[in-house]
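**Student:** This is the structure I have questions about; it appears just below.
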Amino acid sequence: MPIANRQPHPSPTAKRHPETTERDRHEVAQLPRPRRGASAWLHAARIRQWAKNLLVFAAPAAAGALGRRGVLANVTLTFAVFCLLASGAYLINDARDAPEDRRHPIKRHRPIASGAVSPTRAAAVGTVAVLLGVGLSLTVGGGLPVVACGYALLTAAYTTWLRRVAIADIAAIAAMFVLRALAGGIAAQVAISRWFILVVSFAALFVAAGKRYADFLDPGARRSRRVLDEYTPDFLRLVIGVACAVSLSAYSLWAFTAGVPLWRELTIIPFTLALLRYGLLVTNGKGGAPETIIFNDRFMQIAGAAWLVSFGLGA
């Protein structure tokens with residue numbers, strides 16, 4: 001047979017993961033290409049994920065305390081505290097993970113892994129950001145500095161150890177959400193009910209398990225995170241289902257016993273629809289970035305708006 005007529009042999013990777021290769025190419029094509037300089041730094045700090053820090057407003061809003069004198073200012077400062085803490089933790093984590101991220105088809109385009117931002121400078125800036133966050137928490141006072149330090153220590157423990165321990169990694173991610181919610185209540189000096197803690201804790205577990213399930217379905221993440229080998233899809237779906245059920249049950253019990261007008265009970269409807277929609281997206285492997293769902297899914301945005309309106313009418 002003439003050499004010119006021979007067909008090139010497909011690579012072993014293409015034989016094993018033809019569908020994965022196409023999906024990775026599609027996702028990479030959708031990635032924003034961070035520029036060097038300020039744009040790369042903003043991307044490395046993951047500004048979009050600051051949306052998670054809006055959770056600090058949950059407890060004071062539920063207690064109707066945002067209109068009290070000084071409360072909104074304190075909670076806004078608390079939001080800034082967690083933006084600094086979270087971005088600092090992301091910079092330190094990505095600087096540490098740069099060699100590992102370079103082997104991932106998606107994460108290798110992150111600013112630090114791609115070389116747009118120096119890992120050494122990222123770690124230094126991240127450390128400064130964490131220290132600034134803790135320092136800013138001192139201006140609010142009360143128990144907020146304790147929570148801020150606890151959050152910083154938890155993120156450090158997650159980066160260095162907990163994310164490599166099955167179950168502990170999910171619990172740590174959930175605890176970061178819970179600390180945000182507690183910080184808002186502390187900054188506003190409002191009592192945090194057991195129902196609130198229960199709902200937030202299991203909703204956070206729901207989100208954390210969804211992130212791990214998305215990682216489990218991602219061959220690139222599985223190659224770089226050995227802890228995923230300890231999970232099974234059935235177990236992660238079980239955790240997602242249990243967390244969703246407990247969160248919804250606790251919220252419903254609170255709504256029916258809150259002693260407020262019918263509107264508070266009606267908030268159960270959009271809350272349930274939002275949980276179910278998120279659960280659908282999660283089980284389809286789209287739970288890796290909760291902030292992306294918030295910004296991009298129209299149904300979630302409508303359900304969230306309906307919940308805010310009905311909650312406000314019942315306040």
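The values are calculated or read from the model by the stated rules, or taken from the named source; none is laboratory data. Since the model is a prediction, treat every value here as computed from it, not as a measurement. Cβ atoms come from the backbone with ideal geometry, glycine included; neighbour counts cover every protein chain shown.
**Student:** Quick check: is even one residue across region 264-271 buried (at least 19 other Cβ atoms within 10 Å of the Cβ) and of a type in the set (Phe, Trp, Tyr)?
**Tutor:** So far as region 264-271 goes, yes, one or more of its residues are buried (at least 19 other Cβ atoms within 10 Å of the Cβ) and of a type in the set (Phe, Trp, Tyr).
**Student:** Now a separate question. Test Val178 against the criterion of being surrounded by fewer than 22 Cβ atoms within 10 Å (Cβ to Cβ), closer than 29 Å to Ala65 by Cβ and assigned by TED's automatic domain parsing to the domain that holds Cys83, and give yes or no.
**Tutor:** Details: surrounded by fewer than 22 Cβ atoms within 10 Å (Cβ to Cβ): yes; closer than 29 Å to Ala65 by Cβ: yes; assigned by TED's automatic domain parsing to the domain that holds Cys83: yes.
So Val178 passes the test.
**Student:** Of the residues that make up region 106-124, is at least one farther than 17 Å from Gln49 by Cβ, touching a Ser or Thr at 6+ places or on another chain (Cβ under 8 Å) and without any contact (Cβ under 8 Å) to a residue 40 or more places away in the chain?
**Tutor:** Yes - at least one qualifying residue is present in region 106-124.
**Student:** Specify the residue that is surrounded by the most Cβ atoms within 10 Å (Cβ to Cβ); the eligible residues are those in region 114-136 that are more than 11 Å from Ile92 (Cβ to Cβ) and among the β-branched types (Val, Ile, Thr).
**Tutor:** Taking region 114-136 first, the residues more than 11 Å from Ile92 (Cβ to Cβ) are 114-118, 120-121, 131-136.
Cutting the leftovers down to among the β-branched types (Val, Ile, Thr) gives us 117, 120, 134.
Numbers: Val117: 25, Thr120: 9, Val134: 19.
Result: Val117.
**Student:** Please list, ordered by residue number, the helices (runs of 4 or more DSSP H) wholly in region 263-315 having 2 or more residues that are closer than 21 Å to Ser249 by Cα and small (Gly, Ala, Ser).
**Tutor:** Correct list: 268-283, 298-313.
**Student:** Among residues belonging to region 46-65 that are over 18 Å from Gly287 (Cα atoms) and either at pLDDT below 85 or among the small types (Gly, Ala, Ser) (or both), point out the one that is surrounded by the fewest Cβ atoms within 10 Å (Cβ to Cβ).
**Tutor:** It comes out as Gly64.
**Student:** Of all residues being part of a helix (DSSP H, G or I) and over 21 Å from the mean Cα position of the chain (by Cα) in region 66-75, which is surrounded by the fewest Cβ atoms within 10 Å (Cβ to Cβ)? Just the residue, please.
**Tutor:** Keep residues of region 66-75 that are part of a helix (DSSP H, G or I), which gives 71-75.
Right, trim to over 21 Å from the mean Cα position of the chain (by Cα) and you get 71-74.
Values: Val71: 18, Leu72: 15, Ala73: 11, Asn74: 22.
My answer is Ala73.
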